[in-house]
Amino acid sequence: MMLWWVVDLTLCALMIALAAGSLFAATLRRRVIFFIAFGLLTAIVWARLQAPDLALAEAAIGAGLTGALLLAALPTAQPTEHKRDADRLIEWVSLLLAALLAVVLIAVLTTLLPVVDGDPSLAVTARLSDAGVSHPVTAVLLNFRAWDTLLELAVLLCATIGVLNLAPARKAPRHAGALADTLIRILLPLLILTAGYLLWNGAFAPGGAFQAGAVLAAATVVLHLGGGVRLPPFSLAQLRGLLALGLLLFLSVGLVQLAFGQALLQYPLAWAGSLILLIETGATLSIATMLSLVYLGGHPLRDWPVAGDSRDREI
Amino acid sequence: MSSLLVLIATLPLMTALACLLHPRGGDQLSLVASMIQLVASVLLVTELPSRSSLSHALGGWAPGLGIALGADPLAGWLVLLCALVQFATTLYARFYFCDSQARYRLWPLWWLLASALYALLLSGDLFNLYVTLELLGLSAAALCTVGAAKAEALEAALRYLLLGLIGSLLYLAGVALVYAEYGTLDVSALRTLISSSPASLASLVLLSSGLMIKCALVPLHFWLPAAHSSAPAPVSAVLSALVVKVAFYLLLRLWFELFTPVVTSAFATLIGLLGAIAVIWGSWQAFRATRLKLLAAYSTLSQMGYLFMFVPIVMALPEGDTRQFAYGALLLLAVSHGIAKAALFMGIGSLQQHLGHDEIDRLGGSARKLPVTLFAISLAGVALVGLPPSGAFLAKWALISSSLVSGQWWWMLVTLVGTLLAAAYLVRVLGAAFAPTAAAEPALPTCRLALQQPALLLAVLATFGLGFAASPVWDTLSLSPPEVQR
Amino acid sequence: MFSPGELITALLLLSAIVVFAAGTLALLRLPDPLCRLHALTKIDNLGFGLLAAGLALIQPTWIDGLKLLAIWTLILCSSTTNGYLIAHHCVWESRR
Amino acid sequence: MEQAQLMFAATGALIFVFGLVAGLRDDSLLGRIIAINISGVGLFLLLVALAYRGLCQAADPIPHALVLTGIVVAVAASGLAIAIGRKLDELRNSSHRREGDSS
């Protein structure tokens, strides 16, 4: 028991230190690097707190994708910042305020502890046999609270369309060299295999569409950073189809049930497992496409959203 | 009838996907979908008085384990408001964005915003509300950037996005505390569970401050004028009329239904005070604005202030008919402002497209060229100021008399000053518009009538529709949940 | 009280700790990026190798041990490439 | 179990609040995005800590599902913010260049 206490204390202290680094380090570049380290540490903390699904997602999305995104967005020239005394004062006051708020929040939290098993988690375990999948987190995400997940896909779609509308994709960095190409050739099939494994695994163990999609998107990041290998060519229609696929499958499966007199998103028990796998497959492809596009920072094809169509300008 | 809820919740999502997959059909699809949505929400509202509320358990799971869609009269009327404004602005956006490429970019985001609005209004789950809030914030910010060619517009959109994220985080923190304390996220279950405790108070403060950022109550308002005034006109209309309103709707739910044991009269008075500051400051800034859209954005600030200012009045009233009457008036004010503000923004958009600018001092002669639009703007102004035939007049009248009943006469003074200022800034605009053409202005091309009609439609509705037909609105609005429970 | 396998595991893990400690020290103390890179890749390869070997011995099934060794192979590949890329970047920066 | 819950929840609360304040105050876009992300992770840590039920017991799956949703939303929002920022820089640069040409 004592040993775990030491481990926990170390983890918490490291979390706070890395968070402080990524909030207050002198240059943006350092802050981004601290942030990536923070993300990796967070993944370890999730594993410690018995949340392996989150550990997978955090390593792939939180540290990996967000980190790559932030690194790519770093301005090339570092502006030198000089802080005036007034700014310093505001800084101290705000830090003081934050400390005060944190103390209040922690004090409030102590009134809540210990949080023990309540109704909902018991309810989840009790109904798990009707969910079609045996992994509780997947059951919550894809069955009990499927509406959340559906809207979350919509959030991701919305961000992606927003990104696509703004600008063409970032240019690939210069070619990283032959050794990197070799690594990419090894990694790429492994990443795709891992994604498939995570997707399949989600039904009964940690994993699922989000982790699988993120791993596939990581493959895009690797390809893009390598600079030597080109992304597979898509047509605009294919791109739009891939974007819409996950949500479309999800909604159609949900609505079809309505025709049989059941609730929206209610899967028949015998079919639940396969329907969830179907939805997750579509979602994985969509999530991978969307996260890749968000990372690339725009449309990879020149004529987003529709090629050569400005004929009715005169309206 | 619960399939009506499913239709209203999923149709916008389906339309968004259809517009994404088939961009060239976006115009027609949007028009048809907004019509269906309007009909469905009218049906929903007519269905509601007979039954106090509708609900649909998603996935067939009991709420608590699953999520339930639900609607009571309050949600129903706001759904109707959304559908109405959405219908008019969709019509309008079709002609506002002349470039078809811009429309291809617009429609999917437009319908994602709509799905966020409806999903939020129908949702009965605190975390699901968080997801809808994020969808709302992201789609609104993304819409602000459609066709944006100026750095200011993008800056405003960026600030809007980031503050929205901070607001959502605060909200989520409140949800976390509620879940830790009560072990459920289901709103209807929480209604009976929540009691007064430090954690409840903390979660109330967190939830409220998160949502108050989103509806721009005074100390947290600074993002609104820039964001609402630099977005494209149809987007501004939706942002001002609906997006801030649904955040206010959530606050009403929190304060009047969920956290009733925690909300004290001091808390309510504080909210009212902030609202009062917003009324005066927003009106004054609107009066001083040099651009029409900025004026309209500041006017939104002050109108939202009214809504908050009347909260302590309603709360001070004893439970019962008088309180329900005042509650109904508050909602009437919100609905009427939503419709009028959408009309105003669309009118301004037409003016701006026609003149190439929206500076108030250079409006001379526009009344002769765009009589329909100017008529719409005047009518919308009548509804915003709260002059007699409008619904806002009835609502304000009812609320002021309630404030006298509950002995809080000082709110009346603020209302008076705010109304006078509102009248002043609208007279200023109309005066400029009806002035003869300045000599230096180039000859103005005539504006397409189609661009002007939707604004007129909404303006007429806000002024005459809600004014003359207020009593049925009132009846159903007063049936809102606090009474249903008794 | 320990089986020989467990003893070997303990030995391997302890040496992994020593290697990691030395590597961390080197990372902090060595003067320029290229030298530090040297330390970094050594930690990756040797330290992880010892760790993986030690843990592989105490896995309940041999397939799990094999998985650990596969992870180590992957780490070898990636740290090689990383070392190369960082060094490349350093040379490129210094020439500029 | 209670100790771990408290320790991680308090750490989460601390990171959440400081990230939030930094996100409100920071003046560079990237800094703000980092701060908001950090703050989000702090909040997730709070949620996951409250879901923790000890070493030998499975944790409450609902907060895990919520946090997973939150992680995806966070990356989507960061991506959108960075894209808007990129476009903004582009616009500013081109307007600078135009001013430079005309003068």
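Computed from the coordinates by the stated procedures, all read-outs in this text should not be read as laboratory data. This is a predicted model, so every value here is computed, not measured. Here the Cβ is made from the backbone with ideal geometry for all residues, glycine too, and neighbour counts use every protein chain on show.
For this structure, a couple of remarks:
- Taking every alpha-carbon pair under 8 Å whose residues sit at least 6 apart, chain B reaches a relative contact order of 16 percent.
- On the principal axes of its alpha carbon atoms, the range B:273-486 extends 63, 31, 21 Å, with the longest extent given first.
- Once C-alpha pairs closer than 8 Å and six or more residues apart are averaged by separation and normalised to the residue number of the range D:2-102, the relative contact order reads 25 percent.
- For the protein assembly as shown, DSSP calls about 80 percent of its internal beta bridges antiparallel.
- Against the rule of thumb 2.2 N^0.38 Å, how large the Cα Rg of chain D comes out: 1.53
- This ranking places A:299, B:357, B:337 by how few other beta-carbon atoms lie within 10 Å of each, fewest first, which gives B:357, A:299, B:337.
- Calculated FRET value between residue C:80 and residue A:197, using beta carbons and R₀ = 25 Å, to 0.05: 0.50
- Links that overshoot a 30 Å alpha carbon limit, given the list A:171/C:42; B:245/B:293; A:171/B:245; B:214/D:87: A:171/C:42; A:171/B:245
- Across the range A:133-304, Cα pairs under 8 Å and at least six residues apart give a relative contact order of 36 percent.
- Nonlocal amide H pairs with residue B:125, under 5 Å, H built at 1.01 Å: B:187
- With each label modelled as a point 7 angstrom along the Cα→C-beta vector, the residue B:401-residue B:197 pair spans 4.3 nm.
- Value at 222 nm in deg cm²/dmol, rounded to 500, when DSSP H runs of n ≥ 4 in chain A each add -39,500 (n - 2.57): -22500 deg cm²/dmol
- Taking a ≥ b ≥ c as the square roots of the eigenvalues of the Cα gyration tensor, the range C:4-95 is classed as oblate, since a/c reaches at least 1.5 and a/b does not exceed b/c.
- Averaging the Cα positions of each part gives two centres, and for the range A:189-204 and the range B:69-94 these lie 42 Å apart.
- Peptide A:26-37 - average C-beta neighbours from other chains (10 Å radius): 2
- Computed over the alpha-carbon pairs of chain B, the distance histogram in 20 Å steps reads 26, 60, 14, 0 percent, short to long.
- Neighbourhood charge, 12 Å Cβ-Cβ cut-off, centred on residue B:158 and excluding it, Lys, Arg +1 and Asp, Glu -1: +1
- Leading residue at positive end of dipole, the protein assembly as shown (Cβ point charges), from A:108, D:39, B:431: B:431
- Note on chain A: dipole from Cβ charges, positive end direction compared against A:44, A:202, A:123; the farthest Cα belongs to A:44.
- Spin-label pair residue C:95-residue A:134: with each label point 7 Å from Cα along the Cα-Cβ axis, the two points sit 5.8 nm from one another.
- Loop sites here are chymotrypsin sites (Phe, Trp or Tyr not before Pro) outside DSSP states H, G, I, E and B with no more than 14 other Cβ atoms within 10 Å. The longest part of chain A free of them is A:1-203.
- For a label point 7 Å along the Cα-to-beta-carbon line of residue B:99, residues of the range B:325-352 with backbone N under 19 Å: B:349-350, B:352
- The simple spin-label model puts a point 7 Å past each Cα toward its Cβ; for residue A:270 and residue A:171 those points are separated by 6.0 nm.
- Comparing A:106, A:276, A:186 in a Gaussian network model of chain A (Cα springs below 10 Å), the most mobile by mean-square fluctuation is A:106.
- Using the Cβ-Cβ distance between residue D:95 and residue B:357 with R0 set to 22 Å, the FRET efficiency works out to roughly 0.75.
- The largest-to-smallest principal axis extents of the Cα set in the protein assembly as shown are 94, 71, 63 Å.
- Order of C:77, A:158, B:144, D:56 under a 10 Å beta carbon neighbour criterion, fewest first: D:56, C:77, B:144, A:158
- Between the beta carbons of residue B:150 and residue B:427, assuming R0 = 45 Å, the FRET efficiency works out to 0.90 to the nearest 0.05.
- Relative exposure of C:72, A:304, judged by other C-beta atoms within 10 Å (fewest first): C:72, A:304
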